Structure formats: C-alpha cells, structure tokens
Amino acid sequence: MQIRRFFSPDLTQDAENVVLSPQESNHALRVLRLQAGDRLQLLNGRGLIADAELLPTGDMRRPKEASCRILSRNFFAPATPSLTLCVAPPRGKAFDLVLRASVELGFAAIQPILCTYGVSRPEEASDNWQETLVTALKQSSNPYLPEILPPRNFSEILEASGTAPSVFGASPAAEATPHQPLTPTRAAATARLWIGPEGGFTRQEEQALLDHAAIPITLGHCILRVETAVPALAGCLYGLAGMDDRNGNDGRNGRNG
C-alpha cells in the first residue's frame, strides 16, 4: 500500500487530532481524493512522524479542510553531528536538485554563500526553496526539515563558522585528497561541507578555508556541477567523519509516543 505523506508543522507529541494546512488539505482531498478512514503519515519536520487516519469532512461535495486522527507517533533523535551545507547556489532548477539532495542526505541547515565566481546572487531565501524542501521531506520521509538560511557573503560565513570541522570541494588542479580522517567524529556538535560555484572557489577563498583548518578534497580531474558535487562530497564527508545510518530506518532511534 502506498504511503501518503503530508507536512504538518502543527503536529506535536500531545496532539490527538491535526488539521492540515490549506495546501496540504487540497492535495489530500482534491488531488488524491482521499476518503474518511484512509491512512496517511504526518511529518512535522522536527523529528516527529505520526500515523493517522482521515476524519470525515463537513462538506462532502466541496471539502476544504482535512482533519486527521493520530493513531501512533515516533520521535527520531537528530543525527550527530549536525551538518550544515555551505553552497554557492547555481541558477534555476539546478538549485532545486541541491535542495532535494540536502534533505535526502540529512543536512540540518543550508547556508547559501555568495562567492566571487558565483553566477546566482540571491538577496534572500526564496519561498520556492522552502516548498522544494518540504516536497523532498515528504518524499524521503526525513524526520527533520533543514533550515534554509539567508544568503551571505563567503567571508562572513567563514568568520562565523568558528572551529566546526569542515570539508570543502577544491579545484581539480589542487592536490587536495585528504590523507587522514576528519576529527572529531560523532562527538562533534556540528560539521560543515563547503561547495563553491561551478567556477570554483578562488585561490584566495581556498586559502581562507585552509586557514580555518578545512580539509580540501577533489574527485579526480573532472569539474563537477554543483548539484553533482553536493552528494558526491557529502559521501566523502560521512566517510571521513565515520558517520553512517544517517536518517536510515535502522539508525534514527525512533520512539513510540
């Protein structure tokens, strides 16, 4: 049976009934044409996933509001360390692919960075970005919705990153394959992955990252598109930091409620 998932930020540990947002209600009642008694799954984006059933609507001919009765719930502890993706946004649909991958890979936050060679220079986070994240959340069943932060200049973000362990995508010309694991591993509270624009970080930006003890890494001599570099280098980061089972069904420490 196909699982119908819906984003419900109002879902709490104590809630017995939940009313879906107008957008989610419309999707449930008019697009999917779900009926009273149909089972669905609710995610609040803060670690809580609940099984629920659809309650009868007041107006069967033109239902506007979907109410659900909670049947069971599980809370999943956040992954450790908390990962932030610092990425130079590519243009158009390519950034949607980056956002979707970020949800599926379990990033806690996404920080758009404005680099020297960046082709897209957004002044603020777009509502469409949030919608893309929510769609990926439901598709992937990730208990946590990443926070999308306002775009900021590279130097500002690097200065504010402190001593969090970091990996960055270096230019293929750089001999940048790391030879030792990223330390600390699971004990670290946060970690960062830095992905530059398709033109790459400038030499000055790479040097600034090195000065902050970031580990450079490159995957051979090919220049990767941003949407390719994110999942590829995220896998490298997980391997270096000794992380596994991120947001997996066997590694989320679910707890019935």
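Taking the Cα-to-Cβ direction at Ala208 and at Leu32 and moving 7 Å from each Cα, how far apart do the two end points lie in nm?
4.5 nm
With a 1.4 Å probe and all protein chains in place, put Cys222, Cys68 in order of accessible area, largest first.
I get Cys222, Cys68, largest accessible area first.
Quick check on region 35-107: take the gyration tensor over C-alpha atoms, sort the square-rooted eigenvalues as a ≥ b ≥ c, and tell me if it's rounded (a/c under 1.5), prolate or oblate.
Taking the square roots of the gyration eigenvalues as a ≥ b ≥ c, region 35-107 is oblate.
The values are calculated or read from the model by the stated rules, or taken from the named source; none is laboratory data. These figures come from a predicted structure and were not determined experimentally. Note that each Cβ is placed from the backbone with ideal geometry, even for glycine, and that neighbours are counted across all protein chains shown. Side chains included, ligands, DNA and RNA excluded: accessible areas come from the protein's heavy atoms. Shrake-Rupley method; radii C 1.70, N 1.55, O 1.52, S 1.80 Å.
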